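Peer 1: Mind having a look at this structure? Questions to follow.
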Amino acid sequence: MEQFGIWLAALLTIGIISFLYKDNILYKACEAIFVGVSAGYWFVTYFWDNLYRKFYLGIQGAELSDQIFLWMAVALGVMMLTRLFDKIGWLSRWPLAFIIGATAGLYMMTYFVSNAFVQIGATITPPPSMETIGDKISFVLIAIGTFCGLIYFFFSKEHKGAFGGAAKVGIWFLMVTFGASFGYTVMSRMSLMLGRFDFLFGEWLGLIK
Amino acid sequence: MRREIPIAITFIVGVVFAVSYFIPREPFSEFESQFGDWFGIIAAFAIWLGAMNLMKISIVKIGRKSPDYFYSILIIVSFLMIVFFGFFEGYKGIYADPQFSYRDAGTGFNWIYEYIYSSLSATMFALLAFFVASASYRAFRARNLEATLLLISAFFVMFGRVPIGDMLTGWLPDGYTMSGWANWIMSVPNTAGQRAIMIGIALGLVSTSLRIILGLERSYLGGE
């Protein structure tokens, strides 16, 4: 069964790579399989992790109030499925409102703390390991870059004079960031591609030992 | 009814989650935990909705004998295959002694995950490397200082991550080779830019969240 799996994985890998030549039947077939398997994977995973574990096991031996609370969640979930029917589709807004409200309430504080407070703290607090002159210059550069970058994002004042100059410096830092992110993304994708070639030439064909 | 109740739900749930951050005590901590379970359960139904919609569209395509209906058949077959193994083995595992999970090594679900899902997703994402590289070849031009900075930074990060970068600059002192420059770009100017973006996003998220909770932002309810 393992050998069959390796051959199948190799065929699917080649099928996807074949798109580099041109759109073809093999690629489209592999794409369709990917769509179906992905949907099924999450369908099953969410069932066992959430519906079974949180709901089914949750109501076992729970107090009546807790059971009602969990049944209410299932009722909201079922309302989500009403979107499949045009006439009662508006009912799906209720669970959607719950998800939106929960996300907004939760992330409002957690993101503010982790992405604003912590980052501002790290920018203005010198790290304890700052020993060399290079470390000190880097620390100052990060502080300047962060501050100027924030100025660039501040649109309530026209970017003119010293403010405009600082915004310009902010753009330079942001461009370096975008370039670095781009390079990093390309290399991570390349690493994935190397992994696939390693699989094809190693595990499948046995050419790489 | 169609708009008021969803707005009320958003307000109540949003306030409970926000307040529970400041008051991690009863009843807010209890509500947060209960709503956390609700979130998971509703998310499961949301995934089900997506999957069922996919099935509905595929079946309609097959019914109409659309030009590419063969691919819709493949979608349905592959979907049903993994769902069958997932439910069958999951159910079997609960009543087995000792219990096992449908994800454990040796199960059909795991086999599909390992040889089909992982292979396809890794190759699909790997394919993007070629498209990003070819798009950048066409789009990257050192027209001005900003574009040049982007180009140089991408160049250093890419070449600093592969052995040839250090091979070409091996004659330079330690820390000044291609990988040294790539590390410096990642840890200094990149950190500064990322921090500015993260702080900007956090501030934007707070204001948007407040607008949603207070009912000022209602676009998620649709046009009706």
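Peer 1: Among the residues of segment B:145-166, are any within 10 Å of another protein chain (Cβ to nearest Cβ) and exposed (fewer than 13 other Cβ atoms within 10 Å of the Cβ)?
Peer 2: Yes, that holds for at least one residue.
Peer 1: Kindly establish whether residue B:122 is modelled with pLDDT under 90 and among the small types (Gly, Ala, Ser).
Peer 2: It is false that residue B:122 is modelled with pLDDT under 90 and among the small types (Gly, Ala, Ser).
Peer 1: Next up: Quick one: would you say residue A:89 is more than 7 Å from chain B (Cβ to nearest Cβ) and at pLDDT below 90?
Peer 2: Considered against the rule, which asks whether it is more than 7 Å from chain B (Cβ to nearest Cβ) and at pLDDT below 90, residue A:89 comes out as yes.
Peer 1: Going by the structure shown, is residue A:142 in a helix (DSSP H, G or I), outside the structural domain of residue A:178 (by TED's automatic domain parsing) and surrounded by 15 or more Cβ atoms within 10 Å (Cβ to Cβ)?
Peer 2: So residue A:142 does not fit the description; no.
Peer 1: Going residue by residue through segment B:175-194, is there one that turns out to be open to solvent by 50 Å² or more (accessible area, probe 1.4 Å), closer than 30 Å to residue B:1 by Cβ and either touching a Ser or Thr at 6+ places or on another chain (Cβ under 8 Å) or without any contact (Cβ under 8 Å) to a residue 40 or more places away in the chain (or both)?
Peer 2: The answer is no; no qualifying residue exists.
Peer 1: Given (1) assigned by TED's automatic domain parsing to the domain that holds residue B:19; (2) under 26 Å from the mean Cα position of the chain (by Cα); (3) open to solvent by 60 Å² or more (accessible area, probe 1.4 Å), identify the lone condition not met by residue B:77.
Peer 2: Just one mismatch for residue B:77, condition (1).
Peer 1: Identify, by number, the condition in (1) modelled with pLDDT of 95 or more; (2) within 29 Å of the chain's Cα centre (by Cα); (3) not aliphatic (A, V, I, L, M) that residue A:7 doesn't meet.
Peer 2: Every condition holds for residue A:7 apart from (2).
Peer 1: Looking at B:40, B:36, which one is within 25 Å of the chain's Cα centre (by Cα), under 26 Å from residue A:52 (Cβ atoms) and at pLDDT below 85?
Peer 2: Within the list B:40, B:36, the selection yields B:36.
Peer 1: Considering only segment A:122-129, I want to know if a residue exists there that is touching a Phe, Trp or Tyr at 6+ places or on another chain (Cβ under 8 Å), open to solvent by 40 Å² or more (accessible area, probe 1.4 Å) and at pLDDT below 90.
Peer 2: Within segment A:122-129, one or more residues are touching a Phe, Trp or Tyr at 6+ places or on another chain (Cβ under 8 Å), open to solvent by 40 Å² or more (accessible area, probe 1.4 Å) and at pLDDT below 90.
The values are calculated or read from the model by the stated rules, or taken from the named source; none is laboratory data. Predicted, not measured: the structure shown is a model, and the values here were computed from it. As a convention, Cβ positions derive from the backbone with ideal geometry for all residues, glycine included, and neighbour counts pool all protein chains shown. Side chains included, ligands, DNA and RNA excluded: accessible areas come from the protein's heavy atoms. Shrake-Rupley method; radii C 1.70, N 1.55, O 1.52, S 1.80 Å.
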